[in-house]
Amino acid sequence: MPFPAKTPAFRGYPAKALCLNYKGMLIFITDLDGTLLGADYSYDAALPALDALKRLHIPLVLCTSKTCAEVKAFRRQIGNRDPFIVENGGALYIPEGCLPLELNSPIRRGGCTVIELGHAYPELIRSLHQASNESGCAVRGFHQMSVEEISLACGMTPEAARLAKIREYDEPFEILSGDPRRLISAIEKLKKRCTRGGRFYHILGANDKSHCVNLLIHYYQRAIGPVTTIGLGDGPNDAGFLKLVNVPLVMKSSASEEVLAAVPHAQLCPGNGGPASWNAAVLSALAKHLPAGQPAAEMTDSPSNTSTAAVV
Ligand SMILES: [Mg+2]
């Protein structure tokens, strides 16, 4: 089915959002785990900055290794209506009404146009088992774990674990025995990638968060004109997209030195990472990029500026 040239619900970003910066509209792009979320998945300390972004109509793009089901649940909690990136760049979701563009993707799902860059999940599972056999490494992936086991291993509620198990483009796994280097080499021979997150290894296709971010920035520029992008992340899987943004901000973590080495112009945010650091970093970036006399914490909304895109 052909898409309309303009998404019907789109009525434009409010002037307040478009005029915030002489270099163009501000867009924040953020990782979740260890960045906006704490080790216990809390985000209360980030509420003032989340509120400020919402009142200013500044897009907040969630860019994470989490699944679509997890991200949708979190977006509902914080009232986010902006595009989002799931499973380490497996797919970019653009909700209807976000951008007045014809998007070159035939996939529509749950009120979003979906641009898929990841490899299909069943193919990843086959590759993981083949690499495990060839390397002599015993592995256990999420597909072999119950919701209860994932909940225990990740310190999640059972409901959060259920959402984490609904995977499409990336399989987390643990190595039970054997040499991880042999396994990683076997995975790479099968033209798949292996990354290490906080708790698990991940097998995925050639996709990366940066590919989706690159595409999304391009879409925003086509739809709106110049944009100023501010990125926040804490892990090696964030380095690629942090290199692309105008203002890369790194949260303190066990891997922050590695990220800073990969993105030398990035700034290390004060604090120990997680929601309190994220809150301070976002408010500080807003203070730097907002016109004088419009402190983020004091901006008020007006009914005419209410966004028309639905939370999906
Ligand atoms: Mg992270």
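Rule-based calculations on the coordinates, nothing more; no lab input. Predicted model only: the values in this text are computed from it and were never measured. Glycine gets a Cβ as well: all are built from the backbone with ideal geometry, and neighbour counts include every protein chain shown.
In this simple spin-label approximation, residue 107 and residue 218 carry label points 7 Å from Cα along the Cα→Cβ vector, and these lie 1.7 nm apart. Each 10 Å bin from zero holds the following percent of Cα-Cα pairs in segment 121-204: 19, 53, 25, 3.
Projecting the Cα positions of 246, 226, 204 onto the charge dipole of segment 162-277 (unit charges on Cβ atoms of Lys, Arg, Asp and Glu, taken about the Cα centre) puts 204 furthest along the positive direction.
About its Cα centre, segment 121-204 has a charge dipole of approximately 280 debye under the convention of +1 per Lys or Arg Cβ and -1 per Asp or Glu Cβ, with nothing else charged. Ranking 152, 129, 166 by how far each Cα lies toward the positive end of the dipole of segment 121-204 (charges on Cβ) leaves 129 at the top.
Per-residue Cβ neighbour counts within 10 Å put 288, 192 in the sequence 288, 192, beginning with the fewest. Checked against a 28 Å cut-off, the cross-linked pairs 54/252; 72/191; 66/288; 189/209; 165/192 give Cα-Cα distances beyond that limit for 72/191; 66/288. Oblate is the label for segment 27-156. Its Cα gyration tensor axes, ordered a ≥ b ≥ c, give a/c of at least 1.5 and b/c at or above a/b.
Each label was represented as a point 7 Å from its Cα along the Cα-to-Cβ direction; for residue 47 and residue 138 these points are 4.6 nm apart.
Across segment 83-96, coupling constants 3J(HN,Hα) worked out from phi with the 6.51/-1.76/1.60 Karplus curve, θ = phi - 60°, read x, 8, 10, 10, 6, 6, x, x, 7, 10, 9, 10, x, 4 Hz, and Gly and Pro carry x.
Peptides 47-53, 166-172 ranked from most to least packed by the mean count of surrounding Cβ atoms within 10 Å: 166-172, 47-53. Length available on full extension from residue 146 to residue 272: 0.36 nm per residue minus the Cα-Cα distance, which gives 42.1 nm. In terms of other Cβ atoms within 10 Å, 25, 251, 145 run from fewest to most in the order 145, 25, 251.
So if each residue of separation counts as 0.36 nm, and I subtract the Cα-Cα distance between residue 177 and residue 191, what length gain in nm does that give? Here the segment from residue 177 to residue 191 would lengthen by 2.8 nm.
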